[in-house]
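FYI, it's all coordinate maths here, none of it is from the lab. Given the structure is predicted, the values throughout are model-derived calculations rather than measurements. All Cβ positions, glycine included, derive from the backbone under ideal geometry; neighbour counts span all protein chains shown.
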Amino acid sequence: MLQQYDFQEPHLVAIDNVVFGYEQGQLKLLLFQRTIEPSKGDWSLVGGWVNPDESVEDAAYRVLTSLTGLSDLFMEQVEVFSKPDRDPGGRVISVVFYALINIQEHNHQLVDHYGAKWWPVNDLPPLIFDHGKMAEVALEKLRMKASRDLVGRDLLPAEFTLTQLRNLYNCIFMKEFDPGNFRKKILSLNALRRLDKKDTSESKKGAYYYTFKNIETDQFTERIINF
């Protein structure tokens with residue numbers, strides 16, 4: 001006969017979302033100032049409690065959509081953080097996800113309402129508890145994805161130049177990729193469609209705009225970047 005589990009103390013389950021966006025040539029992270037103790041007022045990842053009637057995936061999605069106003073989001077689980085003393089407020093197990101957001105498309109009023117702010121990943125403020133480690137591990141996860149898949153679909157505008165895509169990759173990997181080699185590699189994937197219009201903001205000759213084809217780019221047989 002099955003019996004109920006008998007815990008000596010409650011274990012709270014939370015989710016924390018590491019939300020990446022790309023704006024003005026910078027890879028950014030969405031943070032908000034914590035509204036409860038401990039560490040009230042300090043900068044935190046976007047998180048919340050898992051309700052009794054939902055999965056951790058549903059909780060992560062609920063929290064993120066309520067903040068951004070977006071529904072069709074890319075999210076992926078990163079890791080479980082479960083050290084007994086990780087949260088000074090009690091025994092909290094946190095399941096971490098990362099998400100990719102098009103900053104131009106999300107609801108800016110909602111973000112402002114919750115007191116959230118986009119921070120460059122290379123210039124983050126001090127974060128509560130182990131949230132700095134969460135962000136670090138999530139960035140490594142993003143780099144692994146970007147080495148196998150074209151992540152620009154979720155971060156760039158619908159129409160973009162190859163230079164803009166390369167600059168995004170420069171930010172993700174924090175290194176400068178050779179323009180010629182990067183262009184050759186990306187075009188060899190046959191995942192982009194060139195448009196009959198150019199961006200002339202940086203040169204008279206201009207650079208063609210591209211858009212993503214409707215294919216599953218995560219099925220590439222070769223790495224985009226050797227990471």
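Counting beta carbons within 10 Å around each of 193, 143 and listing the fewest first gives the order 193, 143. Shape of segment 152-219 from the C-alpha gyration tensor: oblate (a/c of 1.5 or more and a/b not above b/c, with a ≥ b ≥ c the square roots of its eigenvalues).
Say the cut-off is 22 Å between C-alpha atoms; which of 83/133; 145/184; 141/213; 145/205 go over it?
On the way: 83/133 13 Å; 145/184 20 Å; 141/213 24 Å; 145/205 33 Å.
Over 22 Å apart, Cα to Cα: 141/213; 145/205.
For the chain, a simple Cβ point-charge model (Lys and Arg +1, Asp and Glu -1, everything else neutral) yields a dipole of about 1300 debye relative to the Cα centre.
A simple spin-label model places pseudo-atoms 7 Å from Cα toward Cβ; at residue 40 and residue 158 they are separated by 4.5 nm. Across segment 13-29, coupling constants 3J(HN,Hα) worked out from phi with the 6.51/-1.76/1.60 Karplus curve, θ = phi - 60°, read 10, 10, 10, 10, 9, 8, 9, 9, x, 9, 7, 6, x, 10, 7, 10, 10 Hz, and Gly and Pro carry x. Residue separation of residue 49 and residue 110 scaled by 0.36 nm, minus their Cα-Cα distance, works out to 20.0 nm of gained length. Taking Cα extents along the principal axes in Å straight from the coordinates, which label in [x] 51, 42, 39; [y] 44, 40, 31; [z] 69, 42, 29 is the correct one? Checking each listed value against the structure points to [z]. Annotation for segment 124-191: GluC sites (Glu not before Pro) lying in DSSP loop with at most 11 further Cβ atoms inside 10 Å of their Cβ are 176. Of all DSSP bridge pairs formed entirely within the chain, close to 70 percent run antiparallel. Ellipsoid fit via the Cα gyration tensor, segment 58-174: semi-axes of 26, 18, 14 Å, each the root of five times an eigenvalue, largest first.
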